[in-house]
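Bear in mind that the values in this text are calculations on the coordinates, not laboratory data. Since this is a predicted model, take the numbers as computed values, not measurements. Please note: Cβ atoms are built from the backbone with ideal geometry, for glycine as well, and neighbour counts cover all protein chains shown.
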Amino acid sequence: MCRSYNVSRCLMLLLGGCFAVVLATWSVPTVAQESGDDAKDPAFSQKFWNYLQEADYQEEWSRWPGQNEEFIEGSSPHGAFLKLYINDTVKNNTEDPPVKSLIVKENYNKDKELVAITPMYRVGNDYDPDHNDWFWAKYKPDGTLFEMEGMKLSGKVEGCINCHSSAKGGDYLFTNDGQ
C-alpha cells in the first residue's frame with residue numbers, strides 16, 4: 001500500500017490510524033470514578049467542572065422529579081431562582097442518593113441571569129463520613145471557583161455543610177423536606 005504513496009503520506013496515514021485507535025479506546029475519566037482521596041486533591045475541582053461540561057448535564061440529565069417548571073423559587077445564598085439537574089444515580093433514588101450521585105443546582109438572580117453553579121457530588125469512600133460524604137463546590141458561570149475569605153469554595157465547604165445539615169432526614173437535601 002505504501003508503495004503507491006510517497007513516504008510522508010504513508011507516515012500520515014499510519015499516524016492518523018494510531019490517533020483514531022487512541023481516540024476510540026480513550027475514555028474521559030468520569031468524576032464518578034474518582035476515589036475519596038482524589039476528591040481531596042485541589043485539582044479535583046477543575047476535573048469536576050470539566051466533567052460537568054463534558055456530561056452536558058443541561059441536556060442529558062433529568063430535572064428533580066416533580067419540578068417541571070423552568071425555574072423554581074430559590075433563596076439565599078443560592079439565588080432568587082434555581083434549576084436542578086440530577087444524574088441517573090440520583091434519579092433512581094432521590095430519597096437516599098447513593099454514592100456517585102450528582103446534583104447540579106444552577107443559581108439565578110431576580111432577572112433570571114445565571115450567577116453560580118453549585119453542584120453536590122456524593123463521593124463515598126469515607127470522603128467526609130460525618131456529612132454523608134458530599135463534595136460541595138460553588139462555581140462562577142465561567143467555571144472558576146468562588147472564594148470566601150481567601151478560600152476556594154470547593155470540597156468540604158463549611159458554609160454548605162452547616163446550612164444543608166439542617167435539612168430534614170439528615171440527607172443534606174432540602175428537596176426531600178417537602179415529600
**Asked** Could you give me the ³J(HN,Hα) list for region 63-71, computed from phi with Karplus coefficients 6.51, -1.76, 1.60 and θ = phi - 60°, whole Hz, x at Gly and Pro?
**Response** 8, 4, x, x, 9, 8, 6, 4, 10
**Request:** With a/c under 1.5 counting as rounded, go ahead and sort region 28-176 into rounded, prolate or oblate using the C-alpha gyration tensor (a ≥ b ≥ c being the square roots of the eigenvalues; past the cut-off, prolate if a/b is larger than b/c, else oblate).
**Result:** rounded
**Asked** What residues qualify as long-range amide H neighbours of residue 133, i.e. H under 5 Å apart, gap of 5 or more or another chain, H built at 1.01 Å from N?
**Response** 128
**Message:** Let's test the formula: R0 of 35 Å, r as the Cβ-Cβ distance of residue 88 and residue 161. What FRET efficiency results, to the nearest 0.05?
**Reply:** 0.85
**Request:** Would you mind checking which residues have amide H under 5 Å from residue 157's amide H? H placed 1.01 Å from N; only 5 or more apart, or other chain.
**Result:** 136
**Message:** Residue by residue through region 153-162, what is 3J(HN,Hα) from phi via Karplus (6.51 cos²θ - 1.76 cosθ + 1.60, θ = phi - 60°)? Round to whole Hz and write x for glycine and proline.
**Reply:** 8, 7, x, 8, 7, 4, x, 5, 4, 4
**Request:** List, in order, the whole-Hz ³J(HN,Hα) value for each residue of region 50-57 obtained from phi through the Karplus relation with A = 6.51, B = -1.76, C = 1.60 and θ = phi - 60°; use x for Gly and Pro.
**Result:** 4, 4, 4, 5, 5, 6, 6, 4
**Message:** Students often get this wrong, so check it: of 100/156; 47/140; 105/152; 91/140, which have C-alpha atoms separated by over 21 Å?
**Reply:** 91/140
**Request:** Determine which residues of region 80-114 fall in the zone a paramagnetic label at residue 125 would reach in this model, i.e. backbone nitrogen under 16 Å from the point 7 Å along Cα→Cβ.
**Result:** 99-102
**Message:** Testing the spin-label approximation: label points 7 Å from Cα along Cα→Cβ at residue 68 and residue 95. State their distance in nm.
**Reply:** 2.3
